[in-house]
Amino acid sequence: MSVTATRRRKPVDRAPTSRSSRRAAPLVAPQDYAHYSATPWASLLFILPLLLLHEIGIALYGGLPPASEHRITAFVLMARFFDRVGATAPFLPAMAIITILLMWHIATEEGGLARGGWNIRPRAIFAMGAESLAWAVPLIGIYYIFGPSQVQFAPAGDRKLMASLYLGAGIYEEAAFRLAGFALLSLLLVDVSGLTTRWATPIVVLAAAIGFSAYHLLGDVGWPWQAFVFTGLRGVYYGIIFIERGFGVTVGVHTTYDLLYLLQSDLVRR
């Protein structure tokens, strides 16, 4: 029996059935969401608000006297790299990440002339935020296993500035250690050394995680060993999420964890 025939014979049942179907349908189909949210296009749409809030926060709180403008170390290192090659625009690190994601998307099947490849799906972007929270919460629990009581292990500084910095930390650090780091390590291990993907993948994840943990030691000689181990484990965690869920969700998990970490440290101090 065709749908058209059913509608002709029972017009009064059509509206209730339609409303019931809409209520039963999920906000985003799981299979479609899993694919869309892992694309560079969805990642770009997801991180743009974080980038904007980060820059607004830095503009408002990053130049508090007597300090000069505060920036994430990964941002500073990227800016220094561009300065070495003769490019000095203030927002080059952010523009570089945006450009990489756009070019990556264009290189994919969805990014060509494929229908729907440039769609903006607000529900999926919102779901990426919820997923990021779900993946970040367990890290707070694990933190208490490794987190010592030393004062230097807790974040210090103006809370508005710290929150603004954390909004950008996930973006720039994941761009450095997962986006660029994975690409470079994979090139060296797979394309140059001829190692199979099966063996290269865990090496890439672990090497990037160690680099991520060592990076957090820059300028801080008082970090306890528990902090180094925990940050390395976080790097492994982010690496697995990056492989399975893409850049955007990884940034979301990293950023959400940092903000929850800041929040719980404030609650502990009270």
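Structure data summary
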read-out	value
For peptides 228-237, 209-218, sequence by mean Cβ density within 10 Å, most packed first	228-237, 209-218
³J(HN,Hα) computed for each position of the range 75-86 - Karplus, 6.51 cos²θ - 1.76 cosθ + 1.60, integer Hz, glycine/proline x	5, 4, 5, 5, 5, 5, 4, 5, 5, 5, 9, x
Spin-label pair MET103/ILE145, simplified geometry with 7 Å Cα→Cβ offset, distance in nm	4.0
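None of the figures in this text is laboratory data; all of them are computed from the coordinates on show. The shown structure was predicted, so the numbers you read here are calculated from the model rather than taken from an experiment. Here Cβ is always computed from backbone atoms with ideal geometry, including for glycine, and neighbour counts include all displayed protein chains.
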